[in-house]
Amino acid sequence: MGDPSRLKVGEWVVAIGSPFGFENTVTAGIVSAKGRSLPQENFVPFIQTDVAINPGNSGGPLFNMRGEVVGVNSQIYSRTGGFMGLSFAIPIDMALDVQKQLRDKGRVSRGRIGVVIQEVTKDLAVSFGLDRPRGALVNSVEKGSPADKAGIEATDIITRFDGKPVDSSSDLPRIVGATRPGSAAQVEVWRKGAPRTLSLTVGELQEERIAARDTPKERKPQELAANRLGIVVSDLSAEQKKDMRLAQGLVVVDVRPDARAEVRRGDVLLKMVHNGQHTELKSSEQFNKLLAGLDKNAVITLQVRRGENTAFVTVTGLADKG
């Protein structure tokens, strides 16, 4: 068996299978990319190649030029059902690990820490005071989860997990998933402009749960002037705070056609990040004053809650001061 980590982009590989029933067919190509994530599959760092794979090849071996098996051909991307230059293989070390778990325990277990994450864009990196776009931005933390017990917070950016760098958000699910449940791990996060190291015990991924998504109650737009983002916000009522289990926040009650922030009516704004500084939004007056004091070319990030989900929205540039 070969070591998939030693594969290089541009290296030649060959596949053996039975496409369309033609047995012992050999096709050749190069490694196009490594560590690919596919829709609905965040745990496998697929090897992408341009080796011709067609129905009947799935499950066949992918060889390097030394005759070593480096992957198991898994799937293709196609609009026709036939090969179009995009083939994906499961790294052989991961396939062997799955085989061992099935043989030993009869099932596959994956690690989890209980966070919802998103990619760190260039604008987000600027807002959070990070040197470059990297890591996984934590949108929310599941209550009682390993991340919650370790002290990980929404707005943290996870940059390293268990000694492994997290260069993009897609790296984190793979690294965590490959970590044995019950094992201890060190987590490096970027919090409020400075690095911090936390310790946690990795949990086990259970069956996926679907959370109900309720839209917060909307208020009628007030006849108020929009702020420099082109939106009108209002303080949350006591009833809304109780319904959404929030201590503070601002509800978006109107979005003007020239709005600079990608938000919707009914969204709740929780925090604003600017130059690495995090400010909890407690009143519309406070928020609008913060915006009024910023430069026209300022880059800010808003933590937005929509239903049961949270996300970060970056805004580059504000309207002129009125």
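Computed quantities for the displayed model
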| quantity | calculated |
| --- | --- |
| Candidate set from region 228-248 (those that are assigned to a loop (DSSP other than H, G, I, E, B) and open to solvent by 70 Å² or more (accessible area, probe 1.4 Å)); member that is modelled with the highest pLDDT | 247 |
| Filter result for residue 107 (outside any strand (DSSP E or B), basic (Lys, Arg) and in contact (Cβ under 8 Å) with a residue 60 or more places away in the chain) | no |
| Number of the condition not met by residue 185 [criteria: (1) more than 26 Å from residue 278 (Cα to Cα); (2) in contact with a Lys or Arg (Cβ under 9 Å, 6 or more places away or on another chain); (3) of a type outside the set (Ser, Thr, Tyr)] | (2) |
| Answer from 312, 287 - the residue that is assigned to a helix (DSSP H, G or I), of a type outside the set (A, V, I, L, M) and open to solvent by less than 20 Å² (accessible area, probe 1.4 Å) | 287 |
| Options 184, 178; residue that is touching a residue at least 12 places away in the same chain (Cβ under 8 Å) and out of contact with any Gly (no Cβ under 9 Å at 6 or more places or on another chain) | 184 |
| Pick from region 87-110, criterion open to solvent by 40 Å² or more (accessible area, probe 1.4 Å), closer than 25 Å to residue 185 by Cα and of a type outside the set (D, E, K, R), ranking: modelled with the lowest pLDDT | 108 |
| Some residue of region 296-309 being open to solvent by less than 30 Å² (accessible area, probe 1.4 Å) and farther than 23 Å from residue 118 by Cβ | no |
| Residue among 251, 273 that is in contact with an Asp or Glu (Cβ under 9 Å, 6 or more places away or on another chain), buried (at least 20 other Cβ atoms within 10 Å of the Cβ) and either modelled with pLDDT of 85 or more or assigned to a strand (DSSP E or B) (or both) | 251 |
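The rows are residues; the columns are (1) modelled with pLDDT under 95; (2) more than 13 Å from the chain's Cα centre (by Cα).
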residue: 140; (1), (2): yes, no
residue: 150; (1), (2): no, yes
residue: 158; (1), (2): no, no
residue: 161; (1), (2): no, yes
residue: 169; (1), (2): yes, no
residue: 172; (1), (2): yes, no
residue: 178; (1), (2): yes, yes
residue: 181; (1), (2): yes, yes
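The values are calculated or read from the model by the stated rules, or taken from the named source; none is laboratory data. Treat the numbers as computed from the prediction; the structure is a model and nothing was measured. Here the Cβ is made from the backbone with ideal geometry for all residues, glycine too, and neighbour counts use every protein chain on show. Just so you know, the surface numbers come from the protein's heavy atoms only, side chains and all, with ligands and any DNA or RNA stripped out. Shrake-Rupley method; radii C 1.70, N 1.55, O 1.52, S 1.80 Å.
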